[in-house]
Amino acid sequence: MRKTSVKLLCTLLWVLVPFLANAQTQPKKARVIVMTDGEVDDRSSMVRFLLYTCDINLLAIIQTNSVYQKSGHSKEGWLAKETNAYEQVYPNLIKHNPDYPTAAEIRSKSFIGDEDIQHLINIVNVNPWKEQKPGTKIEYMPDTWPNTPGSDKIVQLLLDKDPSPVYIEAWGGGNTASKAFYKLKTEYPNDYDRAISKVTMYNIWYQDNAGNYIETYHPKVTMIYCNSFNATWAYRIQTNTADFIKNGVQNNHGPLGTLYPQKYISEGDSPSFFYTMYNGLRNYENPTYGGWGGRFTKLPGLPNVYVDAADDGDINKAIGRWVKEVNHDFEARINWCVANKFSDANHKPVIKMKQGDRLAKAGQKIVLDAGKTTDPDGNNLTYKWWQYKEAGTYDGLVTLNNPTNAKASFVVPKVNEPKTIHIILEVTDNGTPALVSYKRIIITATP
């Protein structure tokens, strides 16, 4: 090809890329599998989770065990009770969001996984915050364990032809996933690489030895190890929410809220599904992006293992910075359970922007315009644009002009090689409770 032709092609691509980026469609809702050991905080998380099933593509809920709940709790029927309560409030929920699945669909996607105490009883190092963490000793192999309906369902889901990611949330132990991955590797060798590469597994600690087994024998699984939940969402942290739980959830807010089992918000497992929320922050697209479910950095020495990253030097800030807004969102949704009309409750603003991710040269002015954003309830809106510095690869701050207006701008800084700049838009209404919508724009600065 002649030099002039190459130059023309490069110029054409440079012109078209921004327009192609701006024409991007909304990302698909995350495909989610939940594994829960039925501990009391799991039951609290499940009340909240069911109110967010409209924002994900729910594939399965699997009851398992863990080093803390060695026999699991499926025999107690707690999940069925919560699903039945969800069924009672479903007619109201769909008035506020038509994407909620029916209770029958949720029941059809509920399975029992590994609850065999014998698979955990010989684990010597049981402390997740000390021994059961990335890079430590493998203490079991699932080779001889029997398959379970839960592990078989994971295999079936990963073998499907849909190439989009599957997010497996480990609220408790990961034994069921271990067995599923073993079965994939040994019984479906021709499909194994394709199937296993879809998986991102978000672990609330390693609550058995599955994490160490998976990161070694199934290294193409993206493993997220969250420790920061323990100082933000776990027991004895959000004690100031007792009044809200009593009066805003458990009483006069429908049968699902009545089943919330704790006196204050104590949901150590919830960050795993916050990660997959379809809320504009795009947390689930990449562990390093950051959002309601935290921000993570790759652990040296393990190809696809991520651990908590520090924002402003604090590993708890990446999750903790969103707590207030996340709980306001929960408050709104528990209100939906008893709001007979759409107008009887608050709903998030709807951000409208033409601009999307793009390439931009140093010195170029980037205009970000959310002026057509609306609020479904007619509430007043406030705007906040900010740079999520830690999420980008550009090691510096840009100057945002008019960061509290609907329309903001900045000038692309000089770089020696392509660097990403993450800009977050937060639009907050003045409803009760005040709700926030988000938009993330990623600008790739080029020399």
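Nothing in this text is a laboratory measurement; each read-out follows from the coordinates by a stated rule. Computed from a prediction, not measured in an experiment: that's the story for all the values here. Note: ideal-geometry Cβ built from the backbone for every residue, glycine included; neighbour counts use all protein chains shown.
Exceeding 26 Å between C-alpha atoms, which entries from my cross-link table qualify? They are Lys75/Lys137; Lys133/Lys183; Lys81/Lys133; Lys133/Lys185; Lys179/Lys263; Lys75/Lys109.
Lys75/Lys137; Lys81/Lys133; Lys179/Lys263
Could you name the aspartates and glutamates in cross-link range of Lys354, using Cα to Cα under 20 Å and dropping any fewer than eight places away on the same chain?
Excluding near neighbours in sequence, the set is Asp369, Asp375, Glu426.
Only sites in a loop by DSSP and with at most 16 other Cβ atoms within 10 Å count here; which GluC sites (Glu not before Pro) in the range 114-159 make the cut?
Glu131
Just from its helices, what would the mean residue ellipticity at 222 nm be for the chain, if runs of 4 or more DSSP H residues each count -39500 (n - 2.57) and the sum is divided by every residue, rounded to the nearest 500 deg cm²/dmol?
One gets -8500 deg cm²/dmol as the mean residue ellipticity at 222 nm.
Would you mind listing how long the range 347-446 runs along its three principal axes, going by Cα atoms, in whole Å with the largest first?
That gives 47, 23, 19 Å along the principal axes, largest extent first.
With +1 on each Lys and Arg Cβ and -1 on each Asp and Glu Cβ, how big is the dipole of the chain about its Cα centre, in debye rounded to the nearest 20?
Approximately 1820 debye in magnitude.
Which of the aspartates and glutamates could a cross-linker bridge to Lys365, judged by Cα under 18 Å and excluding same-chain residues fewer than eight apart?
Within the straight-line limit of under 18 Å, Lys365 reaches these aspartates and glutamates: Asp357.
For Ser409, which sequence-distant residues (separation of 5 or more, or a different chain) have an amide H within less than 5 Å of its own amide H, given hydrogens modelled in the peptide plane?
Amide H neighbours of Ser409: Leu368, Asn401.
By a straight-distance test (C-alpha under 14 Å), which aspartates and glutamates pair with Lys298 as possible cross-link partners, with residues fewer than eight away in the same chain excluded?
The reachable aspartates and glutamates, counting only those whose Cα sits under 14 Å from Lys298, are Glu215, Asp308, Glu390.
7 Å from Cα along Cα→Cβ at both Thr399 and Lys130: what's the point-to-point distance in nm?
Label-label distance for Thr399 and Lys130, simple model: 5.3 nm.
Among the trypsin sites (Lys or Arg not before Pro) in the range 155-247, which ones are in a DSSP loop with at most 16 other Cβ atoms within 10 Å of the Cβ? Mind listing them?
Filter output for the range 155-247: Lys161, Lys220, Arg236.
Hey, can you grab everything whose amide H is under 5 Å from the amide H of Leu359? Only 5+ residues off in sequence or another chain; H modelled, so Pro and N-termini drop out.
When sequence neighbours closer than 5 places are left aside, the close amide H contacts are Thr444.
Considering only Thr404, Leu425, Ile443, whose Cα is most displaced toward the positive end of the charge dipole of the range 347-446, charges sitting on Cβ of Lys, Arg (+1) and Asp, Glu (-1)?
Final value for the positive-end residue is Ile443.
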